[in-house]
Amino acid sequence: MSGLIERLTAALDAGLPLRSRLLVLVAFFVLLPVFFTPLWHVTFVAQQYPEGLNLYIYPHDLVGGNDGNDLTEINVLNHYIGMAELKPSDFTELKWIPLIIGLIAVLTLRCAVIGNVRSLVDLIVMLTYFGGFSLWSFWYKLSYYGTNLDPKAAVKVEPFMPPMFGYRMVGQFSVWSYPAVGTYLFTAFGLLLVVALYLAWPRQMQPS
């Protein structure tokens, strides 16, 4: 057992091989566009909106399609059923998500240049926690907005859970909700880090 612990400690403290560093560096450049690309895309389609109303969720903002006009239309419809207005200022996630992504980017670049296996493991753990917490926060917001409806609203609708992933019929609207470019880039970023760790780990764990 002591020999295994010693080898594990040595593996964590060892420097990354060149191929792992290159993959981590590639991951860094894959992460950068996430700042400027939507993470999620929600589309609302009804008879009166055959082309659909689009909502794009960026790390720092909520943006409606059609030069932002779709968000205004969505909020008008939400008002009729008693749902709170979707305002970027009410989403605290839009304040801390860019900061966390920036921190992850800095740690990734540091890992590529002077990091060791331990720093790469820490980065992957941090990324996993951040991704899981962000998805939970998204689910919570959807649940909160869909189930806390004003009982005095003009149109009575039973509390509902908007779709987080996939399709759902909400009243007269067909709603599609799917990850957008930013989420796919973030996923690719994580996979590159895992591959970099896989390439570094076996060599460091070989018995001396």
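Quick notes
- Looking across segment 32-49, the residues that are of a type in the set (A, V, I, L, M), under 30 Å from residue 111 (Cα atoms) and either surrounded by fewer than 17 Cβ atoms within 10 Å (Cβ to Cβ) or out of contact with any Leu (no Cβ under 7 Å at 6 or more places or on another chain) (or both) come down to 32, 39.
A quick yes/no check of all residues on (1) in contact with a helix residue (DSSP H, G or I) (Cβ under 8 Å, 6 or more places away or on another chain); (2) loosely packed, with under 14 Cβ neighbours inside 10 Å; (3) over 30 Å from residue 111 (Cβ atoms); (4) small (Gly, Ala, Ser):
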| residue | (1), (2), (3), (4) |
| --- | --- |
| 127 | yes, no, no, no |
| 134 | yes, no, no, yes |
| 146 | no, no, yes, yes |
| 153 | yes, no, yes, yes |
| 175 | no, no, yes, no |
| 185 | yes, no, no, no |
| 191 | no, yes, no, no |
| 196 | yes, no, no, yes |
| 199 | yes, no, no, no |
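- Here segment 37-96 is the region considered, the condition is being of a type in the set (Ser, Thr, Tyr) and in contact (Cβ under 8 Å) with a residue 24 or more places away in the chain, and the residue that is farthest from residue 180 (Cα to Cα) is 80.
- Every residue from segment 50-81 that is aliphatic (A, V, I, L, M) and modelled with pLDDT under 85: 77, 81
- First in segment 149-177 and of a type in the set (Ser, Thr, Tyr), second anywhere and part of a loop (DSSP other than H, G, I, E, B), Cβ under 8 Å, 6 or more apart: 177/162; 177/163; 177/164; 177/165
- Candidate set: segment 71-99, residues that are crowded, with 17+ Cβ neighbours inside 10 Å and of a type in the set (Val, Ile, Thr); chosen: the one nearest to residue 149 (Cα to Cα): 81
- Residues that are polar (S, T, N, Q) and under 16 Å from residue 72 (Cβ atoms), drawn from segment 44-62: 48, 54
- Failed condition for residue 153, given (1) in a loop (DSSP other than H, G, I, E, B); (2) of a type in the set (Gly, Ala, Ser); (3) over 28 Å from residue 52 (Cβ atoms): (3)
- So residue 164, is it assigned to a loop (DSSP other than H, G, I, E, B), on the phi < 0 side of the Ramachandran plot, under 16 Å from the mean Cα position of the chain (by Cα) and among the hydrophobic types (A, V, I, L, M, F, W, C): yes
- Every residue from segment 160-173 that is more than 16 Å from residue 82 (Cβ to Cβ), among the aliphatic types (A, V, I, L, M) and either surrounded by 13 or more Cβ atoms within 10 Å (Cβ to Cβ) or in contact with a helix residue (DSSP H, G or I) (Cβ under 9 Å, 6 or more places away or on another chain) (or both): 164
- Meets criteria (within 24 Å of residue 78 (Cα to Cα), surrounded by fewer than 17 Cβ atoms within 10 Å (Cβ to Cβ), among the hydrophobic types (A, V, I, L, M, F, W, C) and at pLDDT below 95) for residue 157: yes
The values are calculated or read from the model by the stated rules, or taken from the named source; none is laboratory data. In this text the structure is predicted, and so the values were computed from the model without any measurement. All Cβ positions, even for glycine, are placed from backbone atoms using ideal geometry, and neighbour counts span all protein chains on display.
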